[in-house]
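Colleague: Input: one structure, supplied below.
The values are calculated or read from the model by the stated rules, or taken from the named source; none is laboratory data. Just so it is clear, the structure is predicted and the values come from calculations on it, not from any experiment. No Cβ is skipped: glycine too gets one built from the backbone with ideal geometry, and neighbour counts run over all protein chains shown. We work out accessible area using only protein heavy atoms, side chains counted, and drop any ligands, DNA or RNA first. Shrake-Rupley method; radii C 1.70, N 1.55, O 1.52, S 1.80 Å.
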Amino acid sequence: MNYDSAKRNKPAISHLFWWFLFANGGGLTALVLPVHILVQGVLGPLGVVHVVDRNYDTWISVLGNPIVKLYLLALISLAFFHFAHRLRYFLVDLGVPAARTLPAQVLFYGGAVVVTAVTIWVLLTTAPLSFG
Amino acid sequence: MKAPLEGDEAAASAGAAPRVYKPEMPRGWWLRRRHYFLYMVREFTAVPMALWLLWLLFEIHRAANGPKGYYPSASPAFIVFSVICLAFATYHSVTFLSLAGVIINLKLMGKRVPPRTIVAVMFGLWLVASVMIAAVLIGFAR
């Protein structure tokens, strides 16, 4: 009993870490994703308004901005940690208990790590940062 | 009834694995009630949002090949795909930002900020962020 309560009082650091990524990914996508989809995915392609990504010159100059790069990295990376957590429990709810296991966790959160790495690579190879 | 219980207790004290309660969910449980269905829709929003962000990543990458290799997506299929993703993303925003009133417990001058105020602030932030991002995406275009 003592052992149990001691174990329960220990802060769950790993939970805190994954929950931080999950909650912030959820919050950031909630605040900014609909407007990206509306402007870049619907209004721009329809020609209702001019959008930066419709034209190579404006798109590449915006992508060269380090603040834009940081923003896109935070958005895509945090979003995928959120998605990983959601989809894992979505599968559990659909009746796939294997989604709770350690290999499933490695697969889903590992997938988010891979997307993060690919995003860093894409952002650094597209309109590379130049100092001077 | 009594005999198997004793047997289980004996097994437990002998160091055998404890019995674990496994709740059984019938297949398709989430189709039985509107509320369950909407919960599953909320969880599913991650899929279309992930697909759209992967498309965004691809469009960023396409600009790496120089002006000749760059062409922005404009097909009707892409627009339909975006409209579907937009519906799911908006549903995610509404549910996620509404939850903030339940999750965030904020005290201001010794008084608890009412959940309704927190949710209103969240929706206000959503509007401000949307206007700012639209201004950048449209304002820097030519």
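Colleague: Report, in whole Å, the centroid distance computed from the Cα atoms of the range B:21-100 and the range A:67-86.
Modeller: Using only Cα atoms, the two centres lie 14 Å from each other.
Colleague: If you don't mind, another one. With all pairs of different alpha carbon atoms counted, what Kirkwood hydrodynamic radius in Å does chain A show?
Modeller: Working: mean 1/r = 0.0571 Å⁻¹.
The Cα-based Kirkwood calculation yields 17.5 Å.
Colleague: Per the Kirkwood definition applied to all pairs of different Cα atoms, how many angstroms is the hydrodynamic radius of the protein assembly as shown?
Modeller: Radius from the Kirkwood sum: 21.7 Å.
Colleague: In addition: Using mean Cβ contacts within 10 Å as the protection proxy, how do B:60-73, A:11-24 order, highest first?
Modeller: Result, highest mean Cβ count within 10 Å first: B:60-73, A:11-24.
Colleague: For a quick check of your reading of the filter: which GluC sites (Glu not before Pro) in the range B:21-61 sit in a DSSP loop and have no more than 10 other Cβ atoms within 10 Å? Can you show the working numbers first?
Modeller: Values: sites: B:E24, B:E43, B:E59; in loops: B:E24.
Counting only loop positions with at most 10 other Cβ atoms within 10 Å, the GluC sites (Glu not before Pro) in the range B:21-61 are B:E24.
Colleague: Can you give the charge dipole size of the range A:13-132 about its Cα centre, rounded to the nearest 20 debye, using +1 on the beta carbon of Lys and Arg and -1 on the beta carbon of Asp and Glu? The partial results should precede the final answer.
Modeller: Values: 5 positive and 3 negative charges, 43 e Å.
Once rounded to the nearest 20, the dipole reads 200 debye.
Colleague: Another one. Report the residues of the range B:21-40 in range of a label on A:A98: point 7 Å along Cα→C-beta, backbone N strictly under 14 Å from it.
Modeller: So the set is empty, nothing qualifies.
Colleague: Here's another thing I want to ask about it. Rounded, prolate or oblate: which fits the range B:27-139 when a ≥ b ≥ c are the square roots of the eigenvalues of the alpha-carbon gyration tensor, with rounded for a/c under 1.5 and prolate only if a/b beats b/c?
Modeller: Details: a/c = 3.18, a/b = 1.45, b/c = 2.19.
Oblate, because a/c is 1.5 or more while a/b does not exceed b/c.
Colleague: Also, I was wondering about something else. How large a share of the accessible area of the range B:27-139, in percent, is made up of carbon and sulfur atoms when the probe is 1.4 Å and the other protein chains stay in place?
Modeller: Numbers: 4950 of 6800 Å².
Carbon-and-sulfur percentage of accessible area, whole number: 73.
Colleague: Hey, what number do you get for chain B at 222 nm if only DSSP H runs of n ≥ 4 count, each worth -39500 (n - 2.57), divided across all residues, to the nearest 500?
Modeller: Numbers: 5 runs with 93 residues, N = 142.
Mean residue ellipticity at 222 nm (helix-derived): -22500 deg cm²/dmol.
Colleague: Same structure, new question: At 1.4 Å probe size, with every protein chain present, just tell me what the per residue accessible area of the range B:27-139 comes to in Å².
Modeller: Working: 6800 Å² over 113 residues.
Value returned for the range B:27-139: 60 Å² of accessible area per residue.
Colleague: May I pose another question? For chain A, list the DSSP H helices whose alpha carbon atoms reach 15 Å or more along the long axis and whose average Kyte-Doolittle value is -0.5 or above?
Modeller: The qualifying helices are A:13-36, A:66-93, A:102-125.
Colleague: Right, next: Work out, step by step, the length gained on full extension between B:N65 and B:Y21: first 0.36 nm times the residue separation, then minus their alpha carbon distance; give nm to one decimal.
Modeller: Numbers: separation 44, 0.36 × 44 = 15.84 nm, distance 5.64 nm.
10.2 nm is the gain from fully extending B:N65 to B:Y21.
Colleague: Based solely on its DSSP helices, what 222 nm [θ] is calculated for chain A when runs of n ≥ 4 H residues each add -39,500 (n - 2.57) and the sum is averaged over all residues, nearest 500 deg cm²/dmol?
Modeller: Values: 5 runs with 92 residues, N = 132.
Computed ellipticity for chain A at 222 nm equals -23500 deg cm²/dmol.
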